[in-house]
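The next block holds one structure in the form of C-alpha cells; read it before the comments.
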Amino acid sequence: VIRYSHDTQITVSQFRDLLIRSTLAERRPVGDEAALKGMLQHANVLVTAWDGPQLIGVARGLTDFAYCCYLSDLAVDKTYQRQGIGRELMETVRGQLQPACKIILLAAPAATEYYSKIGFTAHPSAWVK
Ligand SMILES: CC(C)(COP(=O)(O)OP(=O)(O)OC[C@H]1O[C@@H](n2cnc3c(N)ncnc32)[C@H](O)[C@@H]1OP(=O)(O)O)[C@@H](O)C(=O)NCCC(=O)NCCS
C-alpha cells in the first residue's frame, strides 16, 4: 500500500535518487548539491509517496496557497508509473491549496499528453526567461 505525506522532509540524496529513478534527472540539476538543497529548503509544498521506507514519488511546488502555485517537479519512480500515483500526488497538492488557487507548471516533453488527462488545460501564452 502506497502512503502519501504532505509534511515529511526528504534529504538531498533521497530527492536526487528519486529524480534519477523517475527519468526526470536529465532535466533537473542533479549534479548540483547546492541547487538541490535550495530546491528542498525553499519549497513550501512537498508531497511525497512512499512504499514502506522507499520514496517513490514527489510533487514539489512554490505557492502563496491562495492565488498561485508553481508546481516545479512531479516525479514518480519508473517502476511505479502509470498506477495513479502522479494523479494522487497532484490531488494531495490540491488539498494543500485554497480552492481558487491555480496550479501552474511546465510539462517535460515526455509528459505533454499527461496533464490534459489529469484535468489541466494548456496555456497559449506562457513565457519563460
Ligand atoms: C509524468 C508522471 C509524473 C506521471 O505519473 P504517473 O503516476 O505515472 O501517472 P498516473 O498513473 O497518475 O497517470 C494518470 C493518467 O495519465 C496517463 N499517463 C501517465 N503518464 C503519461 C504520460 N507520460 N503521457 C501521457 N499519459 C500519461 C496514465 O495512463 C493515466 O491515464 P488513465 O487515467 O487513463 O489510466 C510520471 O510518469 C513521471 O514521473 N514521468 C517522468 C518524469 C516526468 O516527465 N515528469 C513530469 C515533469 S513535468
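Taken one residue at a time, the phi angles of region 67-79 give Karplus couplings (6.51, -1.76, 1.60, θ = phi - 60°) of 10, 9, 9, 8, 8, 7, 9, 10, 9, 10, 3, 3, 6 Hz. Gly and Pro are set to x. Based on Cα contacts under 8 Å between residues 6+ apart, the chain shows a relative contact order of 22 percent. Cross-link reach is defined here as a Cα-Cα straight distance under 18 Å, omitting same-chain residues fewer than 8 places apart; for Lys117 the lysines meeting it are Lys102.
Relative to the globular-protein estimate of 2.2 N^0.38 Å, the Cα radius of gyration of the chain stands at 1.00. FRET efficiency for the pair Ala100 and Trp127, taken as 1/(1 + (r/R0)^6) with r the Cβ-Cβ distance and R0 = 22 Å, rounds to 0.45.
Label zone of Ala111 (point 7 Å out along Cα→Cβ, amide N under 18 Å): in region 64-79 this covers 69-79.
Sorting 5-12, 22-29 by their mean Cβ neighbour count within 10 Å, with the most densely packed peptide first, gives 22-29, 5-12.
On a per residue basis, region 34-129 carries 61 Å² of accessible surface, using protein heavy atoms and a 1.4 Å probe.
Overall, the accessible surface of region 7-52 at a probe of 1.4 angstrom is composed of carbon and sulfur to the extent of 49 percent.
The values are calculated or read from the model by the stated rules, or taken from the named source; none is laboratory data. Given the structure is predicted, the values throughout are model-derived calculations rather than measurements. We place every Cβ from the backbone using ideal geometry, glycine too, and count neighbours over all the protein chains shown. Calculation scope for accessible area: heavy atoms of the full protein, side chains included, ligands and nucleic acids excluded. Shrake-Rupley method; radii C 1.70, N 1.55, O 1.52, S 1.80 Å.
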